[in-house]
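A short write-up of the structure that comes next.
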Amino acid sequence: MTVSGQSAPIQDGPSQSCEIPVYGPSPQDPTRSTLQTAQATWFPTTDGEVLVRIELPAGDIASAGHDLFYTLLGMRSDLHDHGWKLLVNASRRNVWGSTRQFPCHVDQVRVYPAFGCPAEPYSLHALALPDDLSEIGGASVDEQLLWRKEWAGKVAPGELSWTEYDRERRALRERET
């Protein structure tokens with residue numbers, strides 16, 4: 001896993017670093033997944049983006065984007081394909097990065113508590129551990145995109161919505177127990 005883009009970004013500000021909780025293949029037994037920690041570092045670049053680097057037990061991944069949320073969105077999709085989930089606020093299904101209508105800082109996310117309702121008036125740090133891990137759900141980008149699309153009222157007739165997806169997921173779990 002490498003930095004996206006053609007040339008290495010040039011740092012244009014102090015880097016920030018923190019440990020983040022991740023869930024992925026165990027170093028002792030890759031067939032089992034466990035809760036682990038990873039080191040996340042990010043810094044602004046001279047071209048107005050941010051570079052995010054995550055040091056996982058299995059290796060490093062880095063990418064650049066216009067803020068932490070959108071950069072992590074792409075990284076999370078790649079990590080999910082390798083069995084990793086980031087357990088951070090940016091992975092919550094009901095959050096989104098800065099928009100014109102609901103702006104927030106480059107390292108923050110906004111919470112959208114219910115479909116059709118505005119975002120909460122406060123922001124959360126994108127890399128912080130959520131107060132309620134159930135908000136992360138499967139921590140998949142697909143779940144987050146389904147939630148966002150339904151929140152925005154942009155689900156086309158016959159298209160899968162978050163509500164339908166969640167109903168099917170719950171029914172499957174009930175059949176398995």
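The values are calculated or read from the model by the stated rules, or taken from the named source; none is laboratory data. Predicted, not measured: the structure shown is a model, and the values here were computed from it. Ideal geometry is used to build each Cβ from the backbone, glycine not excepted, and the neighbour counts take in all protein chains shown. Ligands, DNA and RNA are excluded from the accessible area calculation, which covers all protein heavy atoms including side chains. Shrake-Rupley method; radii C 1.70, N 1.55, O 1.52, S 1.80 Å.
Cβ-Cβ distances below 6 Å connect the following pairs, each with a first residue in the stretch 126-155 that is on the phi > 0 side of the Ramachandran plot, a second residue that is surrounded by 14 or more Cβ atoms within 10 Å (Cβ to Cβ), and a separation of six or more residues or different chains: G137/R93; G137/E143; A139/K85; A139/S91.
If you check L127 against the conditions, is it of a type outside the set (S, T, Y), under 25 Å from S15 (Cβ atoms) and not in a helix (DSSP H, G or I)? Yes; evaluated as a whole, the condition is true for this residue. Tallying residues that are small (G, A, S), out of contact with any strand residue (DSSP E or B) (no Cβ under 6 Å at 6 or more places or on another chain) and more than 14 Å from W151 (Cβ to Cβ) within the stretch 106-135 yields 2.
Let's see how each residue does on (1) outside any strand (DSSP E or B); (2) in contact (Cβ under 8 Å) with a residue 40 or more places away in the chain; (3) among the hydrophobic types (A, V, I, L, M, F, W, C); (4) out of contact with any Phe, Trp or Tyr (no Cβ under 7 Å at 6 or more places or on another chain):
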residue: T37; (1), (2), (3), (4): no, no, no, yes
residue: A40; (1), (2), (3), (4): no, yes, yes, yes
residue: P44; (1), (2), (3), (4): no, yes, no, yes
residue: V52; (1), (2), (3), (4): no, no, yes, no
residue: I61; (1), (2), (3), (4): no, yes, yes, yes
residue: A64; (1), (2), (3), (4): no, yes, yes, yes
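Within the stretch 70-98, the set of residues being assigned to a helix (DSSP H, G or I), surrounded by fewer than 19 Cβ atoms within 10 Å (Cβ to Cβ) and among the small types (G, A, S) comprises G74, S77. Considering the stretch 1-33, the residues that are modelled with pLDDT of 75 or more and of a type in the set (S, T, Y) include one that is nearest to V88 (Cα to Cα), namely Y23.
Among the conditions (1) open to solvent by 30 Å² or more (accessible area, probe 1.4 Å); (2) part of a strand (DSSP E or B); (3) farther than 17 Å from S140 by Cα, the only one that Q101 does not satisfy is (2).
Within the stretch 125-132, identify whether any single residue is under 18 Å from D81 (Cα atoms), open to solvent by less than 40 Å² (accessible area, probe 1.4 Å) and either in contact with a Leu (Cβ under 9 Å, 6 or more places away or on another chain) or among the polar types (S, T, N, Q) (or both), and answer yes or no. Scanning the stretch 125-132 turns up no residue that is under 18 Å from D81 (Cα atoms), open to solvent by less than 40 Å² (accessible area, probe 1.4 Å) and either in contact with a Leu (Cβ under 9 Å, 6 or more places away or on another chain) or among the polar types (S, T, N, Q) (or both).
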